[in-house]
1. Return C:HIS82, C:HIS132 ranked ascending by Cβ neighbour count within 10 Å, so the fewest neighbours appear first.
2. Under a 10 Å cutoff between Cα atoms, tell me which one of C:ALA212, C:ALA195, C:ALA175 has the largest fluctuation in the Gaussian network model of chain C.
3. Read phi for every residue in the stretch A:243-257 and hand back ³J(HN,Hα) as whole Hz from Karplus 6.51 cos²θ - 1.76 cosθ + 1.60, θ = phi - 60°, with x for Gly and Pro.
4. In chain B, once you exclude exposed GluC sites (Glu not before Pro) (DSSP loop, at most 11 other Cβ within 10 angstrom), what's the longest stretch remaining?
5. When the Cα centres of the stretch D:46-69 and the stretch A:120-146 are compared, how far apart do they sit, in Å?
6. Please provide three numbers in whole Å: the alpha-carbon extents of the protein assembly as shown along the principal axes, with the largest listed first.
7. Mind pulling up the Rg/Rh value for the stretch C:189-311? Radius of gyration and Kirkwood radius, both on Cα.
8. Hey, rough spin-label estimate for B:ARG185 and C:ARG226, points 7 angstrom out along Cα→Cβ, what's it come to in nanometres?
Number of protein chains: 4
Amino acid sequence: MELNFRSDNESPAAPAILEAFVEANQGTAWAYAEDRWSERLDEAFSGLFGTPTTVLPVSTGTVANSIALASVTPPWGSVYCHRNAHIQNDECGAPEFFGGGLRLVPVDGPDGKFTAQELERQIRANEGHGVHAYLASAVSITQSTESGTIYQPEEISAICRSAEQHGMATHMDGARFGNAVASLRCRPADITWRAGVQMLSFGASKNGCFAAEALLFFGKPELRERAERIRKRSGHLLSKMRYVSAQLLAYIDDGLWLDLAGHANRQAARFAEAVSNHPEASLEYTVSANEVFVKWSRDGFQRLEGAGIQFLTWPGRDDLARFVFSHCTSEAETAELCRVLAQ
Amino acid sequence: MELNFRSDNESPAAPAILEAFVEANQGTAWAYAEDRWSERLDEAFSGLFGTPTTVLPVSTGTVANSIALASVTPPWGSVYCHRNAHIQNDECGAPEFFGGGLRLVPVDGPDGKFTAQELERQIRANEGHGVHAYLASAVSITQSTESGTIYQPEEISAICRSAEQHGMATHMDGARFGNAVASLRCRPADITWRAGVQMLSFGASKNGCFAAEALLFFGKPELRERAERIRKRSGHLLSKMRYVSAQLLAYIDDGLWLDLAGHANRQAARFAEAVSNHPEASLEYTVSANEVFVKWSRDGFQRLEGAGIQFLTWPGRDDLARFVFSHCTSEAETAELCRVLAQ
Amino acid sequence: MELNFRSDNESPAAPAILEAFVEANQGTAWAYAEDRWSERLDEAFSGLFGTPTTVLPVSTGTVANSIALASVTPPWGSVYCHRNAHIQNDECGAPEFFGGGLRLVPVDGPDGKFTAQELERQIRANEGHGVHAYLASAVSITQSTESGTIYQPEEISAICRSAEQHGMATHMDGARFGNAVASLRCRPADITWRAGVQMLSFGASKNGCFAAEALLFFGKPELRERAERIRKRSGHLLSKMRYVSAQLLAYIDDGLWLDLAGHANRQAARFAEAVSNHPEASLEYTVSANEVFVKWSRDGFQRLEGAGIQFLTWPGRDDLARFVFSHCTSEAETAELCRVLAQ
Amino acid sequence: MELNFRSDNESPAAPAILEAFVEANQGTAWAYAEDRWSERLDEAFSGLFGTPTTVLPVSTGTVANSIALASVTPPWGSVYCHRNAHIQNDECGAPEFFGGGLRLVPVDGPDGKFTAQELERQIRANEGHGVHAYLASAVSITQSTESGTIYQPEEISAICRSAEQHGMATHMDGARFGNAVASLRCRPADITWRAGVQMLSFGASKNGCFAAEALLFFGKPELRERAERIRKRSGHLLSKMRYVSAQLLAYIDDGLWLDLAGHANRQAARFAEAVSNHPEASLEYTVSANEVFVKWSRDGFQRLEGAGIQFLTWPGRDDLARFVFSHCTSEAETAELCRVLAQ
């Protein structure tokens, strides 16, 4: 038996998403996001977030992040993000490409998070003289983080206030936004626009969709034209956008996204507990969402692998491994993982 | 009743494609095109084309075209294409974006086609002195063309020979490649690599898929690394690529793509005949694929619209309209269109 | 003896410019255009043009053009210019590079000029559907033109009015602006901001300077920040900018630039007359500035070359040659050229 | 009296350079670096470095650095440099602009220098999985450094060997190369190609020229075409390049450059000694070239300023100041500075 805890990217879609997808496949529909699914997105997300929201459906988180940042950052502007951020490490420079050579400035901080104080320190450290230096233009926060941790609403507010004081735009990479909201049991607004976030990459692919993400602008309708231009120009305006939009509508309908994320989070919590109770293995970070980073011996991990458990390790760190739980991880699979661990 | 002849982009997916899609939604699969569907693409397309073929699955034709051109053209290189080409008129500068500011040079020619002679003439007309001018780097042909016409194999060979003499790379935008092959009843190889085409944007979305295109390199394996970098960097490496690849495999399996395209072509031919027999309306171009451009009076077109027929007209040309037929256009729909026309 | 009529780019600097240059070489001066020469430019040019003018000194006309266009055109915007424009043919895509992949749209017209009507026609011909097409963003006029002809003030006004109606910015490539003003005997304002031109690449290198051009913005102070960023980012903010600025100040001081250009124009006029009187040779374009395009036989041109006359011909046109006169072309040289021609 | 120790960028040109400049201003010369000065550069620099050298004359160090890096780094490649490097902090992202969004990776190290070990560590820390991460493409070393220190030949060799093992290209930013060679009393080859450096931004503007730098490729003739394209496309191919090339030829003729740099270094050494002997002030870095970084009290610096001494301080560091000595700093000026310091 193979048990896959490598990544939520490797999960299939949830049944309700498939159903919506199949349902969208009826008859003709106008192309290029002028279909009746796409045209309902603004209203649906405005309802979900409780504020006028501009929605651009896209296929990947990378492009959602890149359009967002390129919409508010000139080529000579810099974007501050955590050193472990996906935009910094895992997108092959997509933000730089979309942004005409903008620069990312990594900010350090424990648990995959940075503080407003550390952000301030970095901004000051990168201040230069006039046109010779990059202009501090935007901040990007990842929620839940690359370490499986979560920013509290007040931490986000502090960061966004700091950004605002410097005239910087604010973006949240919400590839696992659902896991964060499900974990915090807050309203989506609480950790986004109410805390000062202007743009959100609302992830859905990892949590039950096939390939569906939404770039949201809160109260910045003037950015739509620019963002839509960039989407088209980067080849991301699908002719048959209805299939993406239909996924998104189904995903946020009746709390499905939070049900799926909550299930994943619970599996992670259960495994986290098992790790905590283990005599040798330990948790590298607090487990708040659907990812569990385990510190253990090389032998320990090899034993798991030998038992058919799949997970990821990093080059140069053979004492650390990541286990990701998704909407489709069954209780039985989690139980089996815990059982093998405890052996 | 509404009858939609606006665009094949507005068609739903074919049942067999949906079936393959659903089938791919079983269990987990490695992300980022390392799944078992994606990994079969090279072999499947190599078989279809009868030559070693490198395949990059992507979601849109625009990105397939853009990666292809950016893979072989430096920022100071130019790409020659027909004045009506999609890359010239309908991609908001995606080739220029991906290519770091490369330049498209439009070539004129009747029926949406240009000849090797006209290409030569344009290349010479744009020759400049050394580093001061753009370097002629690539040629892009659209097959079937934006006018619904088709290049004959020997026309393609002539263009590619000309390109080769200038050291230029050759690309085919095959957004409606299936319609061309079905119409010519040739082997796919005959109008691609055997005729000198090095890269093909193999379209599938318009002809039965949801969102699936393939960028093919014939015998240029060294371009794969560069092309994959550009795909990733532009946000087009889907995490769940299996869903695109599964569509592509089903699409070319057992000639499905040609069955679908053949059906669309036959509907177009039937309508073309009706137009030919009409006392006032006439065909703007020879109808060889699935698009019919009709020249008629404004009144005539309005009468069709009044009868619930949907089709596209262009700004400033109220005597010309386009009717597109797709895999899902039923015989009954075509018959109804012909009936209304003849009234 | 060698007589060089190849290009005004090949002329040395005028004595007064050299003198100012040497004079600037005294003691230290703050770097990066914060010296006392650079800081006088705004005032000096505002005086010359009779309107508040923002000045960026740079070293080449290509960069002046490119910064201007990139300051007002988004990557998905297009710039309309004459088919023979320097930005179109002789800058290896610098506007595209600086503008992140903007597109130039060539406009046709006799005598190196296009009309407002032809501009309108081209804009309409390139209109597309929403985000799929480039946005018409700017117009660029060359004065004097690449053919040695000159736009009349009312021709410029008509073009700029047309641009304004489309919300497009207006730029003039004035690589030979002095020749135009000297020829028209107008005020600099008459063919620039009063006629609707917002940005001027004010050329000086061809007409007496070493390497000095000025990018001027008329009444658009908000573009300075953006333009200065682009200048720095493209490596064009010289540390010792005083040497460029000192050239510019001397160049416009007391009408030197018009004296130099007037001299060049008179030499061209004299040769043009000789061509007109020649039994076989003829003028390809009206001669209004310092360039003379001669239509003649291959044998005729070879005879001139045999007599040590240097001039340029174009690939593929052996019946056409260009003779350029500069501030340093002596009366005797012109006389000798006329003499050889008449033999 | 004002004594300017702010920057060598603020110095005038040396008499011999002015003389060569004036001498070049005789008669006409072919444009665009086809003049007889520019055409001698390859030979002259090949002689100076004792190896076949390809030379591109340009006007600024920023563009020399940017063309070099863009010539060897794809948009998805990264360039490793010291955290304090000019390319990182003072060029407003010119390398990113020229390189289509390449990324700079800062490497830490004391005294403005990094070691091969630290470079290795950073490369490993930035290693990612395949196309998801930037590719390590180039290393850039500054000699002399931004801290006024100098890399020893063996330190450079170690870095270049490390780069070579990773398939990375090697570049040296030699804005103050002359100061380094004069200080080390080595041959130019010893700290460049013999140590593994493939490209050198050979600075001259700071050390006696008006605006003249040379980008050198050692034994990489195949990069010339690409580099020349980028130079043209960025607006840096001066029409009257003879004036830049004439400066460069005079600069390296008969050791002038080393005489000028040696003089500057001696002034710095003299001041450094004065600082060392001061009861309160101290040297922040070893003084090996022409820059002296002084650590002192705010009051101390204010007293110097009160005495008419000009120098630079940094935002947020009021206990640190930089004093730069140039070819034109007179013995008397240095003596006066030392005198004021000692008061």
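1. Working: C:HIS82 26, C:HIS132 16.
Ranking C:HIS82, C:HIS132 by Cβ neighbours within 10 Å, fewest first, gives C:HIS132, C:HIS82.
2. Maximum among the listed residues: C:ALA195.
3. 6, 6, 5, 4, 4, 4, 4, 5, 5, 9, 6, 6, x, 3, 4
4. Working: sites that count: B:GLU2, B:GLU280.
In chain B, the maximal stretch lacking such sites is B:3-279.
5. 33
6. If we take the Cα atoms of the protein assembly as shown, the spans are 88, 85, 52 Å.
7. Numbers: Rg = 19.6 Å, Rh = 17.8 Å.
In the stretch C:189-311, Rg relative to Rh is 1.10.
8. Spacing of the two 7 Å Cα→Cβ label points: 5.8 nm.
We did not get these values from a lab; they are worked out from the coordinates using the rules stated. As the structure is a computational prediction, the values presented were derived from the model and not from experiment. Cβ atoms come from the backbone with ideal geometry, glycine included; neighbour counts cover every protein chain shown.
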